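Quick notes on the structure that follows.
The values are calculated or read from the model by the stated rules, or taken from the named source; none is laboratory data. Treat the numbers as computed from the prediction; the structure is a model and nothing was measured. All Cβ positions, glycine included, derive from the backbone under ideal geometry; neighbour counts span all protein chains shown.
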């Protein structure tokens with residue numbers, strides 16, 4: 001009587017399917033190294049500048065980082081502040097990351113964010129006398145529509161004229177800044193305000209759910225991340241987006257339509273960035289100023305790169321950057337380290353991500369795939385294509 005058959009050995013030369021732990025390590029190792037190196041270099045900068053703060057102190061980086069962590073996670077309100085800061089970063093990070101999947105470098109998340117905020121403001125002011133059950137959803141839809149329109153424009157130009165999305169989105173960023181300033185300083189300026197801004201939103205303000213400022217908009221990222229993951233990795237449209245990003249000619253040969261995928265992807269990116277702008281202006285600010293000083297759209301590029309353009313990675317990257325922003329104030333109070341140190345840390349993280357090949361060679365890091373991070377290839381290829389024109 002023969003025993004159970006032994007499992008067949010894999011064919012010689014056949015690629016071995018990596019376990020979940022190996023895949024996570026391959027994706028997360030380099031971002032983790034970039035964060036660690038940023039903290040080390042940031043600590044050196046803090047030590048070198050300590051004589052200007054409170055005398056030479058080798059322990060000052062530990063004090064600063066402890067205060068940074070306490071300000072981000074030390075209480076319920078601190079955690080809520082982290083989530084509030086992270087939510088627009090996650091949504092805008094998805095707006096950049098989904099573009100990477102299609103081989104597009106969407107630098108226009110800043111303009112799409114501002115147009116989403118402006119469109120939501122127009123709807124909120126128009127619906128000041130309406131019920132919140134009407135004003136809130138319509139204002140959010142208006143914000144998403146505004147961002148979608150600002151993403152559709154560069155997508156259409158890319159698809160039908162060949163205009164590079166890097167150039168058109170940068171130009172649209174400046175158009176958005178001045179459009180917001182003109183509209184808010186003019187027809188939407190409040191009646192009794194001391195500077196150029198709208199009146200407060202009477203009906204469209206997002207309700208608080210937790211803490212002092214934990215508004216309804218916190219749920220947007222929790223919904224957007226799994227939805228984006230499902231669309232990209234489990235839907236037909238997501239397969240076409242990834243195929244077009246990998247090889248537009250092969251996608252065309254397979255019967256796909258790269259032009260329409262480009263337009264669809266950029267429009268979806270704009271919608272997400274517009275939702276980020278609408279959520280922030282309706283939930284956190286409560287009115288729209290003519291000069292809205294935010295860097296969410298630009299920070300989203302770093303978030304998408306740190307998250308490797310994967311929705312789950314973008315979620316964690318957005319939480320990290322949101323935590324840094326939430327803890328910066330307490331770090332400045334307790335350690336005397338300026339809050340701008342957070343911006344330096346984020347810049348150093350982005351630098352080491354961009355210098356991935358150097359980091360691999362110097363630290364002899366093996367991640368299981370020798371190729372460059374795909375989103376970095378998109379960035380470098382976009383720059384190279386534009387420079388050669």
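Could you tell me which numbered condition residue 64 fails, if it satisfies all but one of (1) modelled with pLDDT of 65 or more; (2) outside any helix (DSSP H, G or I); (3) on the phi < 0 side of the Ramachandran plot?
(2)
Mind telling me which of the residues 205, 255 ends up being within 20 Å of residue 141 (Cα to Cα) and not in a helix (DSSP H, G or I)?
From the options 205, 255, the qualifying one is 205.
Find all pairs meeting these conditions: Cβ atoms under 8 angstrom apart; at least six residues apart or on different chains; first residue within the stretch 24-41 and closer than 18 Å to residue 67 by Cα; second residue modelled with pLDDT under 85 and part of a helix (DSSP H, G or I).
Pairs that qualify, where the first residue is closer than 18 Å to residue 67 by Cα and the partner is modelled with pLDDT under 85 and part of a helix (DSSP H, G or I), are 38/352.
Any idea how many residues of the stretch 208-224 are crowded, with 20+ Cβ neighbours inside 10 Å, in contact with a strand residue (DSSP E or B) (Cβ under 8 Å, 6 or more places away or on another chain) and part of a loop (DSSP other than H, G, I, E, B)?
0
What are the pairs with Cβ atoms under 7 angstrom where one residue, in the stretch 169-186, is closer than 19 Å to residue 200 by Cβ and the other, located anywhere, is outside any loop (DSSP other than H, G, I, E, B)? Sequence gap at least six, or different chains.
Pairs that qualify, where the first residue is closer than 19 Å to residue 200 by Cβ and the partner is outside any loop (DSSP other than H, G, I, E, B), are 180/114; 180/118; 183/118; 184/197; 184/289.
Sort out which residues of the stretch 304-320 are within 16 Å of residue 222 (Cβ to Cβ) and surrounded by 20 or more Cβ atoms within 10 Å (Cβ to Cβ), and write them in order of number.
Those that are within 16 Å of residue 222 (Cβ to Cβ) and surrounded by 20 or more Cβ atoms within 10 Å (Cβ to Cβ): 307, 311, 313, 314, 315, 317, 318, 319.
Report yes if some residue within the stretch 74-82 is within 23 Å of residue 315 (Cα to Cα), touching a strand residue (DSSP E or B) at 6+ places or on another chain (Cβ under 8 Å), surrounded by fewer than 24 Cβ atoms within 10 Å (Cβ to Cβ) and modelled with pLDDT of 90 or more; otherwise report no.
yes
Does at least one position in the stretch 163-174 carry a residue that is within 17 Å of residue 278 (Cα to Cα) and in a helix (DSSP H, G or I)?
Yes: the stretch 163-174 contains one or more residues that are within 17 Å of residue 278 (Cα to Cα) and in a helix (DSSP H, G or I).
Tell me whether the stretch 180-200 contains one or more residues that are surrounded by 22 or more Cβ atoms within 10 Å (Cβ to Cβ), out of contact with any strand residue (DSSP E or B) (no Cβ under 6 Å at 6 or more places or on another chain), at pLDDT below 95 and assigned to a helix (DSSP H, G or I).
The answer is yes, given that some residue of the stretch 180-200 is surrounded by 22 or more Cβ atoms within 10 Å (Cβ to Cβ), out of contact with any strand residue (DSSP E or B) (no Cβ under 6 Å at 6 or more places or on another chain), at pLDDT below 95 and assigned to a helix (DSSP H, G or I).
Against the conditions (1) buried (at least 16 other Cβ atoms within 10 Å of the Cβ); (2) modelled with pLDDT of 85 or more; (3) assigned to a helix (DSSP H, G or I), where does residue 104 fall short? Just the number, please.
The single condition residue 104 does not satisfy is (3).
Here are some residues: 149, 135. Which one is part of a helix (DSSP H, G or I) and crowded, with 19+ Cβ neighbours inside 10 Å?
Sole residue among the options that is part of a helix (DSSP H, G or I) and crowded, with 19+ Cβ neighbours inside 10 Å: 135.
When the residues of the stretch 241-252 are filtered to those that are in a helix (DSSP H, G or I) and without any contact (Cβ under 8 Å) to a residue 60 or more places away in the chain, which remaining residue is nearest to residue 107 (Cα to Cα)?
For the stretch 241-252, the residue satisfying everything is 243.
List pairs: first residue in the stretch 267-296 and free of Cβ contacts under 8 Å to residues at least 60 places away in the same chain and on the phi < 0 side of the Ramachandran plot, second residue part of a helix (DSSP H, G or I) and buried (at least 24 other Cβ atoms within 10 Å of the Cβ) anywhere in the structure, Cβ distance under 9 angstrom, at least six positions apart or on different chains.
285/117
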